[in-house]
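**Student:** Shown below is the structure under consideration.
No value in this document is a laboratory result; all are computed from the given coordinates. None of the values given here were measured: they were computed from a predicted structure. As a convention, Cβ positions derive from the backbone with ideal geometry for all residues, glycine included, and neighbour counts pool all protein chains shown.
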């Protein structure tokens, strides 16, 4: 049995993000963009009360990032949809208003599944699916069509397990089944949302 097959997968929530149009920017501009992106992500995670030991470290993607959340009773998946995504949306909007020369917009994808780790990084079918959602032409088109700072894609699993149950703060009517992928010979649907920013008192702490 080789090194890979000896290792069992670990369950993680997978969050991936990508900056719109980063290839058109100069290298110094990309450096500032990356710094701002990571700052906003870290600030929002902490403001949501997600402990750093649950989410550190980030996995760098050049013009984006991937975040793996370890299972934790105090960090339900609902928290990502009713708090983290709206707060990130608001913070991106505020950043663009404060620093118009350094504004940027994000595509974000959220999935949950099994992840493998080796000495070079992370991999697995659920990682592949997350990035197929993130890079789908449907999600890219939706960002082009809106003035919103962020668009979100979630897997069909996230929709079935969380969104479809009508938990407080998550409006299933704002999600549209708009992505159809073939990954590993299997069909996978994805759902797209253009999130609204939260009320000002949501993250007053």
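**Student:** Under 10 Å, Cα contacts only: if you run a Gaussian network model on the chain, which one of 48, 180, 17 comes out with the highest mean-square fluctuation?
**Tutor:** 180
**Student:** Have a look at segment 76-129 and give its Rg and Dmax from the Cα atoms, expressed in angstrom.
**Tutor:** In Å, with Rg to one decimal and Dmax whole: 15.5, 41.
**Student:** A follow-up question, please. Could you work out [θ]222 nm for the chain from helices alone, using -39500 (n - 2.57) per DSSP H run of at least four and dividing by all its residues? Round to the nearest 500 deg cm²/dmol.
**Tutor:** Rounded to the nearest 500, the figure is -9500 deg cm²/dmol.
**Student:** Next question, about the same structure. Among rounded, prolate and oblate, which fits segment 102-152 when a ≥ b ≥ c are the square roots of the eigenvalues of its C-alpha gyration tensor, a/c under 1.5 means rounded, and a/b larger than b/c means prolate?
**Tutor:** Prolate, since a/c reaches 1.5 and a/b exceeds b/c.
**Student:** Still on this model: Any chance you could check the Cα centroid distance between segment 42-60 and segment 169-193 for me, in angstrom?
**Tutor:** Here the answer is 25 Å between Cα centres.
**Student:** What number do you get for segment 1-65 when its Cα radius of gyration is normalised by 2.2 N^0.38 Å, N = residues?
**Tutor:** So segment 1-65 has a normalised radius of gyration of 1.45.
**Student:** For segment 9-203, what does the equivalent ellipsoid look like in terms of its semi-axes, each the square root of 5 times an eigenvalue of the Cα gyration tensor, given largest first in whole Å?
**Tutor:** After diagonalising the Cα gyration tensor, the semi-axes are 23, 20, 18 Å.
**Student:** What distance in nm lies between label points placed 7 Å from Cα along the C-beta direction at residue 117 and residue 186?
**Tutor:** My value for the distance between the label points is 2.4 nm.
**Student:** Cα gyration tensor of segment 93-205, axes a ≥ b ≥ c as square roots of the eigenvalues: rounded (a/c below 1.5), prolate (a/b > b/c) or oblate?
**Tutor:** Verdict is prolate for segment 93-205.
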